[in-house]
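The values are calculated or read from the model by the stated rules, or taken from the named source; none is laboratory data. This structure is a prediction, so every number in the text was calculated from the model and none was measured. In this analysis, Cβ positions are derived from the backbone assuming ideal geometry, glycine residues included, and neighbour counts consider all displayed protein chains. For the accessible areas, the whole protein counts, side chains as well, though only heavy atoms, and no ligand, DNA or RNA atoms are used. Shrake-Rupley method; radii C 1.70, N 1.55, O 1.52, S 1.80 Å.
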Amino acid sequence: MSDHAALVVIIAAVALLYATAGQAGGTAFLAVMALAKVPAEQIRPTALLLNIVAAGYATAWLWRHGAIDWRLLLRFLAAALPAAFVGGLIVLEGPVYLLLTGLLLLAAAGWMVLGGAVDSDGGRSIGHGPALLAGGATGFLAGLTGMGGGVFLAPVMIALGWASPRQAAAFSAPYILANSIIGFAGVAAAGQQPAPGIVAYAAAALAGAAFGSAIGGRWMSNRHTRYMLALILAVAGGQLLLR
């Protein structure tokens with residue numbers, strides 16, 4: 001199997017695994033492309049486009065099943081979208097980018113397991129101020145890192161009791177989609193372009209997201225979703241720090 005074909009297969013597998021926890025796969029897309037020696041300037045825009053494909057499918061699936069709280073989503077996106085564009089305009093040097101991203105992922109994983117995350121139905125009210133603050137911070141990180149933001153927001157929502165793991169997973173896909181679209185606009189404005197194999201990679205991400213969304217929506221409990229997300233965060237963070 002050629003390196004290109006292997007990367008296509010891995011991207012499909014990554015998208016499937018992440019979709020079971022409501023994520024698009026941006027964290028592992030970044031790590032896989034770094035390990036595959038994709039040029040640094042192509043990694044972030046490619047990951048954002050793959051996020052758009054995978055999260056776009058998951059959002060459509062959730063919409064059909066009536067699982068998206070649009071009013072709450074817009075409350076977070078009001079600050080997240082402009083912040084994602086600003087983050088996309090900033091280009092970090094390779095080592096700094098990998099270090100920052102890896103540390104953020106490991107911190108999020110630890111918070112998911114040790115920071116008071118619950119497996120109940122959530123339900124704490126979310127004020128406009130906290131929603132804008134959380135949206136702005138995670139949106140900026142989405143554009144800066146190329147991850148989409150859901151991987152940062154979901155642990156916050158769960159640990160603060162704003163949502164159950166399954167609710168946070170359902171919220172993540174449309175949040176990632178919106179942030180990735182705006183983040184990619186900022187990245188493109190900064191002069192970065194995706195890898196030449198983006199069409200094949202996008203098709204693989206779409207196939208993986210389709211299977212993963214079905215698995216996560218039907219068979220994953222709150223606890224399984226939380227631990228799956230924590231494991232994904234920890235593995236991806238470790239991979240980036242070891243680069």
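Using helices alone, what [θ] at 222 nm do you get for the chain, with -39,500 (n - 2.57) per DSSP H run of 4 or more residues, divided over all residues and rounded to the nearest 500?
The per-residue figure over the chain is -26500 deg cm²/dmol.
How much length, in nm to one decimal, is gained on full extension between L103 and E41, taken as 0.36 nm per residue of separation minus their Cα-Cα distance?
20.3 nm
Counting only complete DSSP H runs, which helices of the chain cover 15 Å or more along their long axis at the Cα atoms and score a mean Kyte-Doolittle of -1.0 or above?
3-19, 40-64, 70-89, 94-114, 128-145, 165-189, 198-219, 222-241
So how much accessible area does L141 have, in Å² to the nearest 10, using a 1.4 Å probe?
Number for this one is 40 Å².
Could the peptides 162-174, 87-99 be put in order, highest first, of the mean number of other beta-carbon atoms found within 10 Å of their residues?
So the peptides 162-174, 87-99, ranked by packing, come out 162-174, 87-99.
So how much slack lies between R243 and H65, counting 0.36 nm per residue of separation and subtracting their Cα-Cα distance, in nm?
Length gained between R243 and H65: 60.1 nm.
Would you work out what percent of the accessible area of the chain, with all protein chains in place, is carbon or sulfur (probe 1.4 Å)?
Roughly 70 percent of what the probe reaches on the chain is carbon or sulfur.
When only Cα pairs under 8 Å and 6 or more residues apart are kept, what is the percent relative contact order across the chain?
So the answer I get is 40 percent.
Counting only heavy atoms of the protein chains, get the accessible area per residue of segment 1-83 (1.4 Å probe) and round it to a whole Å² value.
Ligands and nucleic acids excluded, the result is 42 Å² per residue.
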